[in-house]
Amino acid sequence: MSEPARAASATRPPHPQHCPPWCIDCRHDDADPFSPRALLHQGVTDTVHLNNQACLLVEAHVRVAFWDKAPSWIGSDPADLKHPSVEFSVPTEDGLQLSLNPEHARGLAAALLRAADTADAAIRGGAPR
């Protein structure tokens, strides 16, 4: 078992059997509190600190999420978001919530790493690695 999966299973409260193994928090159908079907599955949240437009330190949250049965207010998602996706949110006054499929999440992560390498090089006065 991988370390994140082990951590998720160690902190996971009792869930219905159909919940994915990575789910540690799920929202069930409010209309039927006895319904075993979850609407939203959410994995472990990683918190990342960053600065907003006002240069204030804020927390961003990253986790895997999956709408098993999306509510009507969501409308229809693109086909690639009908599977577990990466949720990135910044809970501020204006709020920002993005859903990325795994390919888009990896692309964003790669772009962030390239930009970080360039910023590190500029700080040191050299070229990026």
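Among the residues in segment 71-82, are any modelled with pLDDT under 80, surrounded by 13 or more Cβ atoms within 10 Å (Cβ to Cβ) and assigned to a helix (DSSP H, G or I)?
yes
Among the residues of segment 29-67, write down those that are open to solvent by 40 Å² or more (accessible area, probe 1.4 Å), of a type in the set (Asp, Glu) and at pLDDT below 75.
Listed by number, the residues that qualify are 30, 32.
The values are calculated or read from the model by the stated rules, or taken from the named source; none is laboratory data. This one's a predicted model, so the numbers in the text were calculated from it and none came from an experiment. Glycine gets a Cβ as well: all are built from the backbone with ideal geometry, and neighbour counts include every protein chain shown. Just so you know, the surface numbers come from the protein's heavy atoms only, side chains and all, with ligands and any DNA or RNA stripped out. Shrake-Rupley method; radii C 1.70, N 1.55, O 1.52, S 1.80 Å.
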